[in-house]
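Note sheet for the following structure.
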Amino acid sequence: MNDYLDLAGQLMMVRLFGTELDADTDAFLRQYKVRGACLFRQNMVDAAQLGRFTAALQDAMGPQALIALDQEGGAVVRSTWVPAPPSAMALGAANDPLLARDVGAAVARAVRSLGFNWNFAPVLDLNNNPHNPVIAERSFGADPETATRIALAWMEGSESEGVACCVKHFPGHGDTHVDSHRDLPTVDKPLAELERFEFAPFRMAAATAPAVMTAHIVYPALDPDFPATMSRPILTGILRERFGYRGVIITDGMDMHAIAHRYGAGEAAVNALVAGADMVMAIGARETQVETVHAIAQAIRDGVLPLPEVEARLARLSSLAERHPAGSVAYAVEPDDHALMARAWRAGLTALKQPQRPPRGSKVRLVARGDVVSDGVSEAGVPAARIAEALGRLYEVDLVTFADAETFDWAALPQDGRFTILASTSRRRYGPHARANWRPDLHVALWNPYQALDFDAPALMTYGFAPPALEAVVAWLAGDAEAPGRCPVPGFTA
């Protein structure tokens, strides 16, 4: 059984807990020959700590270690102290493949210096659903050709710096009303529409993408019984056989509610591998990880996962690791990359309905949420006080915060002639109460651009809240920058 466990461990990526590699986890990784680890924000303190952590992981997992993170850009970044990349939709709004390539390269330089060799980006989901709760600005846009061209340029930049990409979430998470972290979405579209839209970016990326991540979504036209992550007709029939894909297929996190609330951990892992996945992201608790590795080993021993197919999976994973070796490299271009990111954020800045700049020195009222909690996928947004401080360089600012836009008394805001600016600092759309009872003079959408549709007001859209995004807004207000971006999804008119 030990030989099967050794094989099974190599087909797993695990989540780790804490900010150092403790002795128990080190022993677990070595015992089961686990070769993949994904780190999240809670595993990170600073560059020195993270460098020690990834070096210890490489030592424990060996020269073919795959050490991963989600450093997409915008709100979905894990290392928050490196130059802040714009979100995918900001780059889609800029519509400049060369700029996207430069940004992808800069992201790779930063994460490789921290010891990562695999980045779960770029997103290839086409976001044509204004109420999508989890993708939105993470998408490069809604037009298959344009969005994919920008995304693949980003990927080319990452590859040039030695970091493997992983396009996601196949076959498409852009047209969902449900976040698969919380429940199991369904995309009930006919095959012809999926072929024309959702499939298109992945079909175009199949020849070059080093890895593809699966979606925990049911597509009844493709497989009425299983989500894509566990669907052989989707992973093998479409991605492998029809698209001719030869790279690595990895599942999304198997702890997400779409999977974990419906299947046992071991059962789900085996189902995904039988469907055609090469690696299972077993990022639950240690007990779940142990259950997963034993279930995979049992499936190999019983022939449910035939040994030749297992060896083919291991070969694909080894090839990925050999082409993108783990280990940190010196990062000497950080100032240049900060300047690049600032330029990229400005290039995506988008105006809607001809917003006006209040004169410098004006009295303005800034209205924003009081909290900036993370939604579990993204980092926490920018605090209202920080926005007020930035605007305070230009104006006399009165800050008003609210806890819940649907219970806030919008009519109680003073009618004293101040220029009112609403700053939206979360991904959640506004509800009917807020939309019906107030209209700002200027809406600064610092996260989800679709929020700009919730009020009949001029808007400035950044597609993200990182410091250079806020600086781009201040530069626009000061008259030192324009808003050249064009929103790459339907429903927006200048």
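No value in this document is a laboratory result; all are computed from the given coordinates. Just so you know, these numbers come straight off a predicted model, no measurement behind them. Neighbour counts are summed over all protein chains in view; Cβ atoms, including those assigned to glycine, are modelled from backbone coordinates with ideal geometry.
Work out how much length Arg286 to Thr493 would gain on full extension: take 0.36 nm times their residue separation and subtract the Cα-Cα distance, in nm to one decimal. Let's see the in-between values first.
On the way: separation 207, 0.36 × 207 = 74.52 nm, distance 4.97 nm.
Working it through step by step, the gained length comes to 69.5 nm.
Can you work out the Karplus-derived ³J(HN,Hα) for every residue in segment 295-312? Use 6.51 cos²θ - 1.76 cosθ + 1.60 with θ = phi - 60°, whole Hz, and x for glycine or proline.
Residue by residue, segment 295-312 yields 5, 5, 4, 4, 5, 5, 4, 7, x, 4, 10, x, 4, x, 5, 4, 5, 5 Hz.
How large is ³J(HN,Hα), in whole Hz, for each residue of segment 22-29 in order, when computed from phi with the Karplus curve 6.51 cos²θ - 1.76 cosθ + 1.60 and θ = phi - 60°, using x for Gly and Pro?
6, 4, 5, 5, 4, 5, 4, 4
How would Asp188, Asp6, Asp223 line up from fewest to most surrounding beta-carbon atoms within 10 angstrom?
Asp188, Asp6, Asp223
Can you sort Val400, Val280 from fewest to most other Cβ atoms within 10 Å of each residue's own Cβ? Please report the intermediate quantities before stating the final value.
On the way: Val400 17, Val280 29.
Sorted ascending by nearby Cβ count, the order is Val400, Val280.
For Met13, enumerate residues with amide H under 5 Å from its amide H, sequence gap 5+ or separate chain, H modeled in the peptide plane.
So Met13 has HN proximity to Val280, Met281, Ala282.
Go ahead and run the numbers for FRET between His338 and Ser362, Cβ-Cβ distance against an R0 of 25 Å, rounding to 0.05.
0.25
Could you compute Rg(Cα) / (2.2 N^0.38 Å) for segment 252-300, with N its residue count?
After normalising by residue count via 2.2 N^0.38 Å, the value is 0.99.
Taking the beta-carbon count within 10 Å as an exposure proxy, list Ser87, Ser79 from fewest neighbours to most.
Neighbour counts put them in this order, fewest first: Ser79, Ser87.
State the extension gain, in nm to one decimal, for the chain segment bounded by Ala221 and Ala48, taking 0.36 nm per residue of separation less the distance between their alpha-carbons. Could you put the intermediate results ahead of the total?
Details: separation 173, 0.36 × 173 = 62.28 nm, distance 4.89 nm.
Length gained between Ala221 and Ala48: 57.4 nm.
Enumerate the residues in segment 328-369 having an amide nitrogen under 15 Å from the point lying 7 Å beyond the Cα of His433 toward its Cβ.
Within reach of a label on His433, which here means backbone N under 15 Å from a point 7 Å along Cα→Cβ, segment 328-369 contributes 369.
Over all directions, what mean area does the Cα convex hull of the chain project, stated in square nanometres?
Details: hull surface 86.9 nm².
Result: a mean projected hull area of 21.7 nm².
Given axes a ≥ b ≥ c from the Cα gyration tensor, I'd like to know whether segment 24-97 is rounded (a/c under 1.5), prolate (a/b larger than b/c) or oblate.
prolate
In deg cm²/dmol and to the nearest 500, what is the mean residue ellipticity at 222 nm of the chain if only DSSP H runs of at least 4 residues count, each as -39500 (n - 2.57), divided by the residue total?
Mean residue ellipticity, 222 nm, calculated: -10500 deg cm²/dmol.
If you fit an axis through the alpha-carbon atoms of helix 47-61 and take the longest principal axis of the Cα set of the chain, what angle between them do you get, 0 to 90°, nearest 10?
Relative to the chain, helix 47-61 is tipped by roughly 20 degrees.
Could you list which residues have their amide H under 5 Å from that of Leu124, counting only those 5 or more apart in sequence or on another chain, with H placed in the peptide plane?
Distant-sequence amide H within range of Leu124: Lys168, His169.
Please say if segment 349-477 is rounded, prolate or oblate, where rounded means a/c under 1.5 for a ≥ b ≥ c the square roots of the C-alpha gyration tensor eigenvalues, and otherwise the choice is prolate for a/b larger than b/c and oblate otherwise?
Rounded is the answer for segment 349-477, as its axis ratio a/c remains below 1.5.
For Asp24 and Glu309, what is the calculated FRET efficiency with R₀ set at 35 Å and r taken between the beta-carbons, to the nearest 0.05?
Once the sixth-power term is evaluated, E becomes 0.60.
Between Arg393 and Ser318, how high is the FRET efficiency from 1/(1 + (r/R0)^6) when r is the Cβ-Cβ distance and R₀ = 51 Å? Nearest 0.05.
Once the sixth-power term is evaluated, E becomes 0.45.
For segment 448-494, what does the alpha-carbon gyration tensor say about shape, rounded, prolate or oblate, given a ≥ b ≥ c as the root eigenvalues, a/c under 1.5 as rounded, and a/b over b/c as prolate?
It is prolate, given that a/c is not under 1.5 and a/b is the larger ratio.
Which three lengths, in whole Å and largest first, does segment 1-48 cover when its Cα atoms are put on their principal axes?
Principal-axis extents of segment 1-48 (Cα, largest first): 40, 19, 14 Å.
How large is ³J(HN,Hα), in whole Hz, for each residue of segment 96-109 in order, when computed from phi with the Karplus curve 6.51 cos²θ - 1.76 cosθ + 1.60 and θ = phi - 60°, using x for Gly and Pro?
With coefficients 6.51, -1.76 and 1.60, one gets 10, x, 5, 5, 4, 4, 4, 5, x, 5, 5, 4, 5, 4 Hz.
As I understand it, the value is the acute angle between the Cα axis of helix 467-477 and the longest principal axis of the Cα atoms of the chain; what does it come to in degrees, rounded to 10?
30
With labels modelled as points extended 7 Å from the Cα through the Cβ direction, what inter-label distance (nm, one decimal) is found for Thr80 paired with Gln415?
4.0
For the ranges 94-102, 43-51, 152-160, what's the packing order if you count other beta-carbon atoms within 10 Å of each residue, average per peptide, and put the highest first?
Taking the mean over residues of other Cβ atoms within 10 Å, the ranking is 152-160, 94-102, 43-51.
Check which residues have an amide H placed less than 5 Å from Ile249's amide H, if you skip close sequence neighbours.
Counting only residues 5 or more places away or on other chains, the set is Val212, Asp278, Met279.
If you fit an axis through the alpha-carbon atoms of helix 334-348 and take the longest principal axis of the Cα set of the chain, what angle between them do you get, 0 to 90°, nearest 10?
60
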